[in-house]
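Remarks on the structure that follows.
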Amino acid sequence: MPHIHLITSADLVENVDIPDILGKLVRELGAFESVRPRRIKAYHTLHNNWSMGEGAPPGFVHCQVLIKAGRTPELIESIREVLFATLVECFGKSYGEKEAAISLEVRELSENGYVSVLPIGLDGD
């Protein structure tokens, strides 16, 4: 069920590495207890038009992570810390040159608020 939605402004040099960045985020999230790696879906949205507030860096990286509710607050915080550090590492050039702001949102979805199924033979775990 977990979803990773990476959203970036089109001006970032790291956008050429998005497939690798998504793969790294999937691996990092999949390493956590209670996260089934084969259920993770990761995707990217590139924004060609955006506006930043006065004084903000010209570009941005935002990542939304959706997971089912029921994990401990400590586990959620660990997920947040690891994925945020991964984003800072992966977008280090733009971040270091003050070309991008980086943000991460981890949201829990209630068990009855999300339905998902894998193909027959894959969902029996």
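For the residues L104, L109, the requirement of being among the aliphatic types (A, V, I, L, M) and modelled with pLDDT of 95 or more singles out L104.
For W50, the criteria (1) open to solvent by less than 40 Å² (accessible area, probe 1.4 Å); (2) in contact with a Ser or Thr (Cβ under 6 Å, 6 or more places away or on another chain) hold in every case but one, which is (1). For segment 76-95, the set of residues classified as exposed (fewer than 14 other Cβ atoms within 10 Å of the Cβ) and either in contact (Cβ under 8 Å) with a residue 40 or more places away in the chain or not hydrophobic (A, V, I, L, M, F, W, C) (or both) consists of E77, E81, E89, G92, K93, listed by residue number.
For segment 63-75, taking the residues that are open to solvent by 40 Å² or more (accessible area, probe 1.4 Å) and either farther than 22 Å from G30 by Cβ or not polar (S, T, N, Q) (or both), the one that is nearest to the chain's Cα centre (by Cα) is identified as K68.
The values are calculated or read from the model by the stated rules, or taken from the named source; none is laboratory data. These figures come from a predicted structure and were not determined experimentally. Positions of Cβ are backbone-derived with ideal geometry, glycine not excepted, and every protein chain shown enters the neighbour counts. Please note that ligands, DNA and RNA were not included when accessible areas were found on the heavy atoms of the full protein model with its side chains. Shrake-Rupley method; radii C 1.70, N 1.55, O 1.52, S 1.80 Å.
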